[in-house]
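Only one structure is covered here, and it is reproduced in the block below.
The values are calculated or read from the model by the stated rules, or taken from the named source; none is laboratory data. Quick caveat, the model's predicted, so the values are computed rather than measured. Here Cβ is always computed from backbone atoms with ideal geometry, including for glycine, and neighbour counts include all displayed protein chains. Heads up: the accessible areas ignore ligands, DNA and RNA and are worked out on the full protein's heavy atoms, side chains in. Shrake-Rupley method; radii C 1.70, N 1.55, O 1.52, S 1.80 Å.
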Amino acid sequence: MSTTILGISSFYHDSAAALVRDGEIVAAAQEERFSRKKHDPRFPRHAINYCLEEAFIEADELDAIVFYDNPLLTWDRVVKNCVMAGEPAFEQFEKAAASILGIKLWVQDYARRTLGCLGRSGRVLFTDHHFAHAASAFYPSPFREAAILTLDGVGEWDTTAIGRGDDDGIELAQVIEYPHSLGLLYSAFTYFCGFKVNSGEYKLMGLAPYGRPVYERIIRDNLIDLKDDGSFRLNMEYFGYLDSFRMTNERFDALFGGPPRQPESRITRREMDLAMSVQAVLEDAVLRLARHARRESGAPNLVMAGGVALNCVANGKLLREGIFDHIWIQPASGDAGGALGAALMAAHGYFGSPRRMSPGGRDTLKGSYLGPAYSSAEVRAFLERHGYPYERIEDPDGRARTVAQALADGKVTGFLSGRMEFGPRALGARSIIGDPRSETMQSTMNLKIKYRESFRPFAPSCLAENAAEYFDLDVESPYMLLVAPVREERCIPFDREAFYNNEDMLQIINQARSDLPAITHVDFSARVQTVHPDDHPDYYRLIRAFREITGFGVIINTSFNVRGEPIVCSPADAYRCFMRTEMDLLVLEDCLLWKSNQPAFAEAGDWRKDYELD
Amino acid sequence: MSSIDGGKARARVKKLFFRKLLPLSDMARRGAAYFPMGADPSAATYYVARNATRMSRGDFEAPVCADENEFGKKLAALWERSGNPELAKCAPEMAACAGLLYAPEEIDDEVSPFIYVMF
């Protein structure tokens with residue numbers, strides 16, 4: 001008998017829903033993509049609705065609805081935290097009470113009100129937070145058995161978990177408990193450097209190569225005690241998150257020479273060096289944890305999930321260290337992925353569905369293309385309804401050649417093709433793409449298209465079989481979760497010491513660092529996506545055509561949005577973003593729209609005010 | 001994502017914190033800490049071994065709370081089991097707060113079956 005399970009994550013950060021049938025992942029999406037509110041934490045009713053539609057079922061046909069977290073244990077942590085912190089923690093307690101006692105505890109009511117029923121089981125099931133992360137990493141992976149490492153800020157009590165997955169399911173044997181957390185340590189520096197917690201961690205990672213690890217010793221001596229086996233404790237005297245809404249406190253300020261950087265103010269040498277310093281500590285911790293996981297599990301392969309697993313620089317180091325034969329990382333590693341993990345955990349751990357393995361030895365995540373798609377007919381109906389001029393090219397190869405030629409001519413292109421990605425990275429289904437050979441493309445795309453900080457690097461997409469021509473990478477990286485060095489012969493040395501002695505980031509950003517300058521970070525690295533023809537044939541075809549025209553099988557791939565906006569979902573979202581920015585070409589399935597042909601785009605008010613800066 | 005709007009609920013939460021929980025802080029500071037605040041040079045490792053390394057079927061079902069009474073009972077049982085009787089005594093008051101705080105998001109519009117379509 002078939003078993004269909006809906007997984008839900010919500011009420012904290014980045015709500016999502018996922019649907020699994022007989023162990024097969026059918027659909028998954030984040031609520032923000034539909035609600036257009038970045039990191040939307042509300043109950044994911046739009047995402048649920050999409051998942052049910054994709055599976056062609058009604059809510060009463062669900063065998064179970066599963067929530068990704070245990071609110072009882074989360075409340076236990078909140079209470080004990082506030083008792084430990086005493087009177088200063090009252091505001092935190094008041095807010096947590098409203099959130100957990102007022103909302104999270106009643107997830108079953110939310111489900112009933114939204115869906116009109118609770119499926120066949122008549123109740124909501126729950127998984128532990130790190131079991132959901134572990135399930136999201138292990139079950140779709142290509143490994144029959146694997147060590148499991150989950151790392152995040154905190155889920156219930158746990159911040160880190162080590163275990164093993166095999167034919168008997170998932171076992172988590174050892175944990176590190178709150179408040180000792182690599183995720184919270186990294187978030188503390190994110191906050192201190194003037195970026196937003198829970199979204200700016202990626203910026204901190206991107207900033208790190210501009211700095212030197214001059215504060216690493218101070219961090220190790222004062223903030224974290226890291227054992228050889230990877231276990232660790234933080235010194236809570238320096239952190240603010242026990243009793244305030246700040247991640248750090250005055251002692252932390254004193255340690256690093258003054259108060260936190262104000263958001264949107266100039267980034268100074270201190271922030272660059274802090275970013276590099278905490279990145280170095282994090283990488284060391286991850287490597288030690290991985291070695292311990294290998295020893296404890298005896299497994300040759302590793303799977304990872306949790307927000308810290310999105311640190312693709314650390315992931316790249318882990319890969320190159322060779323501790324495991326192979327590693328696989330869940331691309332939706334944050335809380336959104338908890339929805340998928342909860343559904344998978346219940347499918348296999350509660351209902352006993354057999355695990356599905358890919359006969360070809362690849363994973364079963366379907367390229368993470370798990371969201372909605374729009375047919376050519378739907379796209380054309382949209383365009384014609386609004387009178388937007390377009391050119392239709394039905395032949396996939398001809399279309400790929402036309403778009404590739406536009407890229408080669410320096411045109412920046414919005415690309416909507418196939419099912420939307422699940423997780424924070426755009427992988428060619430909802431991407432802005434460009435020519436990586438241009439020396440000015442990084443700053444152009446950052447400032448005129450994305451409206452974001454100019455220091456942020458762009459990632460390359462390349463054909464899976466050609467990756468080694470450009471990068472020191474001998475494995476697939478389909479989810480853009482591995483940073484690898486650009487091949488040395490492609491790099492153009494420059495005087496880094498001169499840069500370290502001043503604070504002018506633009507000086508280095510606009511300097512060619514390789515023959516692929518727009519995707520080569522200042523440390524000659526790149527966050528690589530390898531594209532396999534089975535995962536996204538149209539995207540693969542496009543890169544191949546670009547290679548035929550230019551000799552380079554690499555293009556720039558960045559998410560299809562502007563700063564603070566969720567990645568686009570629908571053709572309407574894509575058209576709006578296209579018209580608000582200086583993109584030249586928009587591809588909506590087999591329809592091409594040139595900016596120069598479009599009518600004037602009028603909007604009421606300043607759209608920039610719709611999006612809170614991330 | 002939410003805040004306590006009702007004056008009654010706010011007052012009850014405040015009372016819970018200051019009258020029930022805050023007195024426990026001294027005890028926690030005097031040594032019965034709920035978690036370590038820093039390094040322990042004598043510890044060989046900081047890993048904590050999980051008591052239950054796998055999720056049983058019962059674990060999936062355990063957190064369900066149909067109402068505040070069930071929540072209070074489960075909370076008290078959790079704290080009795082974990083050796084925190086001082087917190088278990090607070091569970092009924094927390095359950096009462098949960099009843100007052102219960103504030104589901106307003107679902108103010110119908111979810112269209114085509115909500116994710118572009119029109």
**OP:** Output the residue which, of all residues in the range A:193-225 that are closer than 24 Å to A:VAL175 by Cβ, open to solvent by 30 Å² or more (accessible area, probe 1.4 Å) and outside any loop (DSSP other than H, G, I, E, B), is farthest from the other protein chains (Cβ to nearest Cβ).
**Re:** A:GLU201
Original post:
From the set of residues in the range A:28-38 that are within 18 Å of A:TRP607 (Cα to Cα) and in a loop (DSSP other than H, G, I, E, B), which is most open to solvent (accessible area, probe 1.4 Å)?
Top reply: A:LYS37
Subject >> Subset of the range A:83-107 (residues that are free of Cβ contacts under 8 Å to residues at least 24 places away in the same chain and among the hydrophobic types (A, V, I, L, M, F, W, C)) >> reply: A:VAL83, A:PHE90, A:PHE93, A:ALA96, A:ALA97, A:ALA98, A:TRP106
Original post:
What residue, among those in the range B:51-60 that are at pLDDT 95 or above and not in a helix (DSSP H, G or I), is surrounded by the fewest Cβ atoms within 10 Å (Cβ to Cβ)?
Top reply: B:SER56
**OP:** Please go through the range A:57-73 and pick out each residue that is open to solvent by 10 Å² or more (accessible area, probe 1.4 Å) and in contact with a His (Cβ under 9 Å, 6 or more places away or on another chain).
**Re:** A:ASN70, A:LEU73
Original post:
What is the residue count in the range A:353-365 for residues that are more than 14 Å from A:TRP328 (Cβ to Cβ) and touching a strand residue (DSSP E or B) at 6+ places or on another chain (Cβ under 7 Å)?
Top reply: 1
Original post:
Which condition number does A:LEU125 fail, the rest of (1) facing another protein chain (nearest Cβ under 9 Å); (2) surrounded by fewer than 21 Cβ atoms within 10 Å (Cβ to Cβ) being met?
Top reply: (2)
**OP:** Please enumerate the residues belonging to the range A:233-247 that are open to solvent by less than 30 Å² (accessible area, probe 1.4 Å) and either touching a residue at least 60 places away in the same chain (Cβ under 8 Å) or part of a loop (DSSP other than H, G, I, E, B) (or both).
**Re:** A:PHE239, A:GLY240, A:TYR241, A:LEU242, A:MET247
**OP:** Take the residues in the range A:480-502 that are of a type in the set (Phe, Trp, Tyr) and surrounded by fewer than 17 Cβ atoms within 10 Å (Cβ to Cβ), then tell me which one is farthest from A:ALA314 (Cα to Cα).
**Re:** A:PHE494
Subject >> Meets criteria (open to solvent by 20 Å² or more (accessible area, probe 1.4 Å) and either assigned by TED's automatic domain parsing to the domain that holds A:CYS569 or more than 27 Å from the chain's Cα centre (by Cα) (or both)) for A:GLU53 >> reply: no
Original post:
Is it the case that some residue within the range A:265-283 is under 24 Å from the mean Cα position of the chain (by Cα), of a type in the set (S, T, N, Q) and on the phi < 0 side of the Ramachandran plot?
Top reply: yes
Original post:
Within the range A:57-165, which helices (runs of 4 or more DSSP H) (wholly inside it) include 3 or more residues that are modelled with pLDDT of 95 or more and small (Gly, Ala, Ser)?
Top reply: A:129-138
**OP:** Might you check whether a residue that is in a helix (DSSP H, G or I), polar (S, T, N, Q) and out of contact with any helix residue (DSSP H, G or I) (no Cβ under 7 Å at 6 or more places or on another chain) occurs anywhere in the range A:288-298?
**Re:** yes
Original post:
Does the range A:248-269 hold any residues that are buried (at least 19 other Cβ atoms within 10 Å of the Cβ) and modelled with pLDDT under 95, and which are they?
Top reply: A:ILE267
Subject >> Selection count where residues are at pLDDT below 95 and among the charged types (D, E, K, R), scope the range A:169-200 >> reply: 1
**OP:** Keeping to the range A:234-263, report how many residues are farther than 22 Å from A:MET84 by Cβ and among the acidic types (Asp, Glu).
**Re:** 1
Original post:
Looking only at residues in the range A:387-424 that are surrounded by 19 or more Cβ atoms within 10 Å (Cβ to Cβ) and β-branched (Val, Ile, Thr), which one is farthest from the chain's Cα centre (by Cα)?
Top reply: A:VAL403
Original post:
Across the range B:9-39, what is the number of residues that are at pLDDT 95 or above, closer than 28 Å to A:HIS130 by Cα and more than 7 Å from chain A (Cβ to nearest Cβ)?
Top reply: 0
Subject >> Tally of residues being over 21 Å from A:LEU223 (Cα atoms) and exposed (fewer than 13 other Cβ atoms within 10 Å of the Cβ) across the range B:33-50 >> reply: 1
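Given the structure, is B:ALA96 assigned to a helix (DSSP H, G or I) and open to solvent by less than 60 Å² (accessible area, probe 1.4 Å)? Outline the logic, then answer.
Details: assigned to a helix (DSSP H, G or I): yes; open to solvent by less than 60 Å² (accessible area, probe 1.4 Å): yes.
Criteria met by B:ALA96.
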Subject >> Failed condition for A:ASP158, given (1) more than 14 Å from chain B (Cβ to nearest Cβ); (2) within 23 Å of the chain's Cα centre (by Cα); (3) open to solvent by 10 Å² or more (accessible area, probe 1.4 Å); (4) not basic (Lys, Arg) >> reply: (1)
Subject >> So A:VAL303, is it of a type in the set (Val, Ile, Thr), in contact (Cβ under 8 Å) with a residue 40 or more places away in the chain, crowded, with 23+ Cβ neighbours inside 10 Å and assigned to a helix (DSSP H, G or I) >> reply: no
Original post:
For the range A:174-181, does any single residue satisfy the condition of being more than 10 Å from chain B (Cβ to nearest Cβ) and open to solvent by less than 30 Å² (accessible area, probe 1.4 Å)?
Top reply: yes
Original post:
Pairs under 7 Å by beta carbon, first residue open to solvent by 70 Å² or more (accessible area, probe 1.4 Å) in the range A:354-365, partner among the charged types (D, E, K, R), six or more apart or different chains?
Top reply: A:ARG356/A:GLU24
**OP:** Can you tell me which residue among B:ALA39, B:ALA44, B:ALA77, B:ALA9 is farther than 15 Å from B:ALA98 by Cβ, of a type outside the set (Lys, Arg) and within 20 Å of the chain's Cα centre (by Cα)?
**Re:** B:ALA77
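With the condition being under 19 Å from A:VAL528 (Cβ atoms) and away from chain B (no Cβ under 14 Å), I'd like the helices (runs of 4 or more DSSP H) fully within the range A:374-454 carrying at least 1 qualifying residues.
Answer list for the range A:374-454: A:396-408, A:441-444.
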**OP:** Filter the range B:62-81 down to residues that are open to solvent by 60 Å² or more (accessible area, probe 1.4 Å) and part of a loop (DSSP other than H, G, I, E, B) and give me whichever is farthest from the other protein chains (Cβ to nearest Cβ).
**Re:** B:ASP67
